[in-house]
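Below is one structure, written out as structure tokens; comments come after it.
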């Protein structure tokens, strides 16, 4: 592994751990996937993947690393303990896609800010036509944001103004 900034990643239960060597040209691309397969295996409306040279990714623990092939094109690698999506492997000789949600966020974000997101290849959304229609509702301008839990509903049976915890009241 060449010298660079090491970013570690781990699944939810800690049984799968890896490190990625970030350096000039790595990651080559970051994509937000909206495909139905990513949505179903993650339970999320989108997944964020980063393309790294295989030589820059090292698995430190792979106790429960499993794989399945939902298509003839790719294999998904995931933790058999907690279910976290770890990697997409398209059997490309030099590239493996790692789930950005498992990476140590601060080191990764700092690295990308230093590079001003200058990636080798265009990044963006893929399978946009398959995106969840809920995204428009959930990511609209009218949707509030909050740090921490902020305005989660802690009592679904209460009237709306009493069911929220935090600063936001509808």
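Values in this text are rule-based calculations from the coordinates and carry no lab data. In this text the structure is predicted, and so the values were computed from the model without any measurement. Don't worry about glycine lacking a Cβ; one is built from the backbone with ideal geometry, like all the others, and counts go over all protein chains shown.
A simple spin-label model places pseudo-atoms 7 Å from Cα toward Cβ; at residue 40 and residue 90 they are separated by 2.1 nm. In plain terms, the residue of 95, 71 with the fewest other Cβ atoms within 10 Å comes first and the most crowded comes last, giving 71, 95. Working from label points 7 Å from Cα in the Cα-to-Cβ sense, the residue 5 to residue 60 distance is 1.7 nm.
Which ordering of 49, 97 is given by a fewest-first count of other beta-carbon atoms within 10 Å? In order of increasing Cβ crowding within 10 Å: 49, 97.
Here the gap between residue 68 and residue 104, fully extended at 0.36 nm per residue and compared with their Cα-Cα distance, gives a gain of 10.4 nm. Counting every other Cβ atom within 10 Å of each residue's Cβ, 62, 40 order from fewest to most as 40, 62.
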